[in-house]
Amino acid sequence: MAWASWLAWLACAAAGAAGMLFPRESESREVVALDGIWRFALGGREEVDVGFRQRWYLRELPKWVNGHLAGNHSGGHLPFDLDVTALLEYDAPSLLTVAVNNTLSPHTIPQGFTAYFNDTDMYPPGYSVNDYTFDFFNYAGIHRSVVLHTVPDVFINDITINTKIIGETGVVQFDVSYTISENEVDDEVSCKITLLEESNKAVGEVSLCEGDIMIDKAKFWWPVHMSNSPGHLYLFEVQLNHGQKRKDVYRLPVGIRTIYWNETTVLLNNKPMYMYGFGKHEDSILRGKGLDHTLLVRDYSLIEWIGANSYRTSHYPYAEEALNLADRQGILIIAESPAVNLDNFDSVLLEKHKSVMAEMVNRDKNHPCVIMWSISNEARTQRKEAGPYYKSIVEYVKSLDKKRPVGFVTNRNMYQDKAAPFMDVIGVNRYFSWYSDTGDLELVSRQVEAEYTKWHNVCKKPIFMSEYGADTISGFHQLPSFVWTEDYQVDLLHEHFKAFDNLRKKGFFIGEMVWNFADFATKQSVTRAQGNKKGIFTRERQPKHAAYLLKTRYHHLANEQLKTMTE
């Protein structure tokens, strides 16, 4: 079998509009990981601004194999692949070279800007800094796996799954697309679809490339605490044939579940859903944003320990390995785009934003854990031009996926936000008694309840608190509680819980997500003590005192929800 394509999972690279299947081995496919320590060459300090002067940030990033250009792409957090069949040396080692650039501009997502300092008394000539407004560190490099994988000359290039529930019957709707070589005849291509249980027992089989499979007495995909058997997955097996020959085999885990929504709630399998979890970051003390499977297992272990049922992929798409785990463990995911702190809304950015949304939706569309698309976080949506911009984005995402609600996360005023009217669901970030009325904990419950009630009254949408919290340095204590101490974080969370319980009774409040799961790195600032310290866990993944309070809260909600489901 010939090496057919190079599949790169890079923090700085993104896919095109077509879907791309996660690289899995099968009878017809080989996967070779190129993970490890890459040999990096950094630009010299004397040429620190060469990328700005030559406007690298407007270029596509090139990749070479054995000195030959294989292709390029711009954007981050999402995968892309390149066909390198003709570029490999099959009787000698091959050299793969990737140029990576994390320079941000007003037309990248996320955005940034380059500041030039012209005072030559204080700065060397040509001194410049690439800066940004978002509150996490802008790491550069290859953060996720790079793999070389093979596909046959006739191969499956995409699968789209949608599911329905009719009584106890599950319906899997599928559409398999494929690629054939110029020498092959399309009319001779056929598909055999088999749906398998965990025991490898076939529960459905059809010979179609597009159609339905009906499963009587199906086991539905449920999140944790809404079922005693959460995260149930079937295996969707596609055998692609050309004439009488089997050409390709691909197996995709799928879950059968439905999502509906209205002005007050989101329904999962026709049951009201309440989210309790976190905003997160892909961040750790040793690897930064680098994919770390051990850390991933640790994080999901802590999510289980604390009793959470959900998190938001703030503020960018996470590695697909994280979503694979969420599928299996029954964790609800709000999938968020990299559009954080957008500061202008022109036509160039709009097209880039649409491209990123297409990449994210097409990659993550088949994950049952993904229950909502978040198209941005804390953009400047009070501006007039934000209205038509977000209307266009929402309509575009709905054209890609009609089975999930489209929302965003905002920190603007409900009367001034021009994007909110177009959303199905709205997440609102508020830091009462931290960034406002600092230290006045007695105001928290009153302010939270009033704020989120007004949001629903104005927008008539399901509302959730997507961020709240306080920076907390592990080991700091003071009584009475004082800002930056573990005691203050505990008291602040406790006051929020009072408001959440009142809001839940009103019927439109669908979730509470503390900021943040763990401490994380930011750029250097006098307001950041070695990064953002709002984590419930430290950057090393050890619990602060508030973790035990949150554990009590979340397990209470979990028991309450499971009891409701079994009554």
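If only residues of segment 173-208 that are acidic (D, E), touching a residue at least 12 places away in the same chain (Cβ under 8 Å) and over 26 Å from D401 (Cα atoms) are counted, the one that is surrounded by the fewest Cβ atoms within 10 Å (Cβ to Cβ) is E198. Residues in segment 322-344 include at least one that is at pLDDT below 95 and farther than 17 Å from A420 by Cβ.
Output the residues belonging to segment 412-421 that are surrounded by fewer than 20 Cβ atoms within 10 Å (Cβ to Cβ) and either under 22 Å from I510 (Cα atoms) or among the hydrophobic types (A, V, I, L, M, F, W, C) (or both). Listed by number, the residues that qualify are R412, N413, M414, Y415, P421. Contact map, segment 95-108: first residue within 26 Å of L342 (Cβ to Cβ) and not assigned by TED's automatic domain parsing to the domain that holds G67, second residue aliphatic (A, V, I, L, M) and at pLDDT 90 or above, Cβ cut-off under 7 Å, separation 6 or more or different chains; pairs are H107/V348; H107/L349.
Just to be sure before I move on: is I334 over 17 Å from E282 (Cβ atoms), in contact (Cβ under 8 Å) with a residue 40 or more places away in the chain, assigned by TED's automatic domain parsing to the domain that holds S310 and not in a loop (DSSP other than H, G, I, E, B) in the structure I sent?
It is false that I334 is over 17 Å from E282 (Cβ atoms), in contact (Cβ under 8 Å) with a residue 40 or more places away in the chain, assigned by TED's automatic domain parsing to the domain that holds S310 and not in a loop (DSSP other than H, G, I, E, B).
Residues in segment 363-391 that are aliphatic (A, V, I, L, M) and part of a strand (DSSP E or B): V370, I371, M372, I375. Being touching a His at 6+ places or on another chain (Cβ under 9 Å), closer than 16 Å to P368 by Cα and surrounded by fewer than 22 Cβ atoms within 10 Å (Cβ to Cβ): is that true of N324 here? It is true that N324 is touching a His at 6+ places or on another chain (Cβ under 9 Å), closer than 16 Å to P368 by Cα and surrounded by fewer than 22 Cβ atoms within 10 Å (Cβ to Cβ). Contact map, segment 356-374: residues that are over 27 Å from K271 (Cβ atoms) and among the basic types (K, R) paired with residues that are modelled with pLDDT under 95 and crowded, with 23+ Cβ neighbours inside 10 Å, Cβ distance under 9 Å, separation 6+ or inter-chain. Pairs shown: R363/L78; R363/P79. Checked against (1) within 25 Å of the chain's Cα centre (by Cα); (2) surrounded by fewer than 22 Cβ atoms within 10 Å (Cβ to Cβ); (3) of a type in the set (G, A, S), A529 passes all but condition (1). The condition (being in contact with a Gly (Cβ under 9 Å, 6 or more places away or on another chain) and closer than 26 Å to H496 by Cα) is satisfied by just one residue among K352, K461: K461.
Within segment 234-289, the set of residues being in the same structural domain as A470 (by TED's automatic domain parsing), among the small types (G, A, S) and surrounded by fewer than 18 Cβ atoms within 10 Å (Cβ to Cβ) comprises just one member, G288.
Do we find that K352 is assigned to a helix (DSSP H, G or I) and out of contact with any helix residue (DSSP H, G or I) (no Cβ under 8 Å at 6 or more places or on another chain) in this structure? Considered against the rule, which asks whether it is assigned to a helix (DSSP H, G or I) and out of contact with any helix residue (DSSP H, G or I) (no Cβ under 8 Å at 6 or more places or on another chain), K352 comes out as yes. At least 2 residues being surrounded by fewer than 19 Cβ atoms within 10 Å (Cβ to Cβ), out of contact with any Phe, Trp or Tyr (no Cβ under 7 Å at 6 or more places or on another chain) and among the aromatic types (F, W, Y) is the threshold, and among the strands (runs of 3 or more DSSP E) wholly inside segment 108-163 those reaching it are 113-116.
The values are calculated or read from the model by the stated rules, or taken from the named source; none is laboratory data. Nothing here was measured: the structure is a model prediction, and the numbers come from that model. Methodologically, a virtual Cβ is constructed for each residue, glycine included, from the backbone with ideal geometry; neighbour enumeration extends over all protein chains shown.
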